[in-house]
Structures are given as structure tokens and as C-alpha cells.
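Worksheet: the structure to be examined is printed underneath.
The values are calculated or read from the model by the stated rules, or taken from the named source; none is laboratory data. The structure displayed is predicted, hence computed values, not measured ones. Virtual Cβ from ideal backbone geometry, glycine too; neighbours counted across all protein chains shown.
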Amino acid sequence: MAFFLLIIGAYGINNNEKNTDFYYLEENTLNNSQFVSNGIRMNYISKEEIQDELLIIKDNLTGYLGENIKIEDNIISYKDKDKEITAIVWKDKIDTKVQITYVNNRRKANTIQLKKEIEQIQNIAAKNIKYFKFVKVKIVEEQKQNILDVLRSRMDKDTLEELDINNGISAKAILKDGEKINFAFTRHNSNEYLILGTPVIFVTY
């Protein structure tokens, strides 16, 4: 089945981010569906050694969230009913590399707000920072067409590529502002879900 028969549609820091196609899609999708989760992942390079970088992140995370921070080897984690944060630090031949993942279950926090929060955890001397974002929702039948129409309006349809998967379909495209986006429209039991991610989806679906 063609993608557009399957896919239904997927607190700011600054106006530039609010003006992106992904932000527009995120807000429209959240306003016309049932929120499940969203999240942001940050990758960066640090000049610190692994143990020093772990200490910096631990101190920042403790200062931001308080106690209940867990450390195991080169992984720092925090989890409560609203959010789950994991930081992984490793070394390649040259650099210390860091990956911080923040998965959120609060309806009122969009990915722009999550980016602002995750920046409180990172090393302020971080270099080559890259961000990945996603939002996952449960489809409301009456709002399917609205989400689909808005998705079409923000995407360069000539860039669309799709792939059938076991429980639905996965696709990728380029938005009109040039940002890459991935989609997944899936069915679990009797419910339909849409997940939007840029530039890729970094969680399972």
C-alpha cells in the first residue's frame, strides 16, 4: 500500500527553532493525537578523559535533578515516572565521545524544551554537538486526515522513500526546510501509532 495511504500525518528556545518544519509537525501532531512520548539525543566530543567527563556529567545531572543518579562503568542514568536520561562516555583512538539520551513522558514538554533541559547536563566545553529528536503519538481516528495533510504540506514529496515492516511502514524524506526526517506508522493490538524523528528515529518502534 502506498505510503500516504498508510502514514497518518509524526516552550521554545529561539524563533529559529520554532520556525522549523519539524517543530511545526510536532506541534500539529501533538495537538491532534494522544501523546505517548518524545525525546532528544545529543552526541558530542569532549577534550576530557573518560572519568573526568563522567564526573562533569554526574555533577551537572545531580545539580539539575538531585539524587537517584546511577553510575555503572561508563554509563550514567536517571529514571522517574516522567523521564529517563542516560549518558554514555567512551574513547576512540583520538577523542572522548559522549551520547546523552533523554526520553520524556510529559505531554507539556516538546523537543525544543527537552533540548534546553539536556543542555544543562552536557559539558559546556562540548564540541561537534549533534541532535536527534523524536515524537510518538497514538492516532485519533477523527484527526487522521488533518495530520496527513500537514505532513504532506511540509515534505518534499520527491524525496520520499518507504519500506514495509512487520507491523506497518517506515519511511524517510526531506522536509521543505532541508531537514531530514524519518517516519514510522505502526499498529499494536487495536491501536495505531505514529513516530516522527529527525534526522533519524533513535528509539525502537
ask   = Which condition number in (1) modelled with pLDDT under 90; (2) more than 30 Å from ASP164 (Cα to Cα); (3) touching a strand residue (DSSP E or B) at 6+ places or on another chain (Cβ under 7 Å) is the one that LYS83 fails?
value = (1)
query = If we scan the stretch 93-102, do we find a residue that is hydroxyl-bearing (Ser, Thr, Tyr) and under 21 Å from the mean Cα position of the chain (by Cα)?
reply = yes
message = Step by step: first the residues of the stretch 165-194, then only those that are more than 23 Å from ASN16 (Cα to Cα) and of a type in the set (A, V, I, L, M), then the one that is surrounded by the fewest Cβ atoms within 10 Å (Cβ to Cβ). Which residue is that?
response = ILE165
key: Unique residue being part of a strand (DSSP E or B) and over 24 Å from ILE201 (Cα atoms) when the list is ILE85, ILE76, ILE71, ILE57   = ILE71
